[in-house]
Structures are given as C-alpha cells and as structure tokens.
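Every number in this text was worked out from the coordinates using simple rules, so none of it is lab data. Quick caveat, the model's predicted, so the values are computed rather than measured. Every residue, glycine among them, receives a Cβ derived from its backbone with ideal geometry; neighbour counts consider all protein chains shown.
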Amino acid sequence: MHPDPLETLYAYPDPGDQEIVGLVAAGLAYGRVTQILASVAAALAPLGPSPRRFLARTPTSAITRRFAGFRHRFTSGGELAALLVAVKRAVADHGSLERLFRDGVARTDATVLPALALFVDALRGLAPGPCPSLLSSPDDGSACKRMNLFLRWMIRRDAVDPGPWRGLPAAKLVVPLDTHLFRIGTALGLTARRQADLATAREITRGFARIAPRDPVRYDFALTRLGIRPECRGTPLADLLEAALR
C-alpha cells in the first residue's frame, strides 16, 4: 500500500470517519507522494481519533482558526477549513456524506459523474468560502481525478479499497485519471486522445470495462504502482509500456 494516501483510511475503522478522511486525503492527493502524505497527516491531526465527532462538536469559527497555518501547495488553510465546515453541515443535514451522494444518484445514470456533480455542488453551497483546489466537478470539464479517487475508495471493497459505502455499483465508477494512468492507457491502446481530460478518463474506463464490465476501475491501483513504486521500474511490463510510448 505504501506510499499512497489511501493508507490513511485504515487508521479509522468507523465508516463515518473513513468518508471524511477519504475526502480530505483525496483532495490533497496532488504533487509528490511524500509531500501528500505529510500534508494529509497534518490536516488530520487536529481532528483526533474521530473526525466526525470533532466536526460535530467544534464551531465553525474554531475550525477556521485551527487550520489557519495549514498549506499544501495551492491549498490554503482557509480552503481546507471551508471544506471541513461544508462536511460538518452536510453530515448534520443528511446524516453522512454517503447519504448526500446517494440523494443525487439516478438509476438511469451510466456513470457516477452526474451524482458527483450534484455532490460537489451541494458541498460548495455549504462551504463558507471557496475551496477550488479541493472540490472539482465534472461540470467544470475537469477529469476530476481526485474526486473519482475518493469515489473509488468509498464504493469499491476489496483488499485495497475499504468501500465503506455499500450498495453503489462499482461498474459506474470512472478511473481517477492522472499522468501515470494516462501514459499507461495510451500505451495499452485504450485512448488516442492527447489530453488527460474527462473525455479521456471515460474512454479509458470504457476500455477497462470491456475486460471487467462490473468493476472497470479495479486496475487503477495496480497499474499506477508502475509509476510510483521504485521497485516496479525496470520490470518487463514497465519496460514494455515505456517502449510503446516512444
């Protein structure tokens, strides 16, 4: 698992805490992985052993003060506090982030993207200030890598993803498209597009769905290890992918 921000979720056995930790960890999952892990740890430390309980008991003004000195690349403490306040209000209004997300799910949706757009809109509306570096929406044209990563963690359940949200179909997930997966998807012939945008993410997802229609995102964790784990470099598969990209 290490190094991956997903490892942070395993310290929180309660689903109500996991969904909050997952949203924070996924939101900060950009940049070098060592920096990501350090920033996630710094963001979670003030929340204590139960982030859900901390947010329920802590006034908005105190949350804002608590994170005034936080910084992760483009993300300020003000943005992180705004997201946490939005989460606090969402849980108070809906009972959980899962319930908020489910409220936007339609059975006819081909993917999670319409529900994700509604979920992000709701959180933005509950936030006391903007948090653009932490909440991306499909409606913005973004590939939504980090929000799709969050949904992978929440919905899939296996030896990697904890899946605290139950009953939502993994078949509708979209790959969290980053640089590593874009290069691999290109090398595997799953896309000929030149940009790592939302259309490319959907195209690569459809390619994986031809192999595993019920769980197309299952390959994301393993394939991205090729670009993250040092011991994966120089392996036959990694060399093959590099050769295909030349």
With no solvent and one point on each alpha carbon, what is the Debye value of log10 I(q)/I(0) for the stretch 1-82 at q = 0.15 Å⁻¹?
-> -0.50
Packing-based exposure ordering (other Cβ within 10 Å, fewest first) of H2, H94, H72 = H2, H94, H72
If one puts a single equal scatterer on every Cα of the stretch 122-177 and applies the Debye formula without solvent, what log₁₀ I(q)/I(0) results at q = 0.16, 0.24, 0.29, 0.31 Å⁻¹?
-> -0.57, -0.99, -1.13, -1.19
If you wrap the stretch 163-210's Cα atoms in a convex hull and average its projection over all directions, what's the area in nm²?
-> 3.8
Return T64, T75 ranked ascending by Cβ neighbour count within 10 Å, so the fewest neighbours appear first.
-> T64, T75
Radius ratio Rg over Rh of the stretch 80-140, counting only Cα atoms, Kirkwood formula for Rh | 0.98
Within the under-12-Å Cβ sphere about R73, not counting R73, Lys/Arg +1 and Asp/Glu -1 give a net charge of +1
Cα-Cα P(r), the chain, percent of pairs per 10 Å interval | 7, 32, 37, 18, 5, 0
Tell me what the chain gives for mean residue ellipticity at 222 nm when only DSSP H runs of n ≥ 4 count, each as -39,500 (n - 2.57), the sum divided by the residue total, rounded to 500 deg cm²/dmol.
-> -15500 deg cm²/dmol
Please sort by residue number the trypsin sites (Lys or Arg not before Pro) in the stretch 65-165 whose DSSP state is loop and whose Cβ has at most 12 other Cβ atoms within 10 Å.
-> R107
Could you please rank T108, T186, placing first whichever residue has the fewest other Cβ atoms within 10 Å of its Cβ?
-> T108, T186
Relative contact order (percent, whole number), the chain, Cα cutoff 8 Å, 6+ residue spacing = 15
Sort 132-138, 208-214, 162-168 for me by packing, meaning the mean count of neighbouring Cβ atoms within 10 Å per residue, highest on top.
-> 132-138, 162-168, 208-214
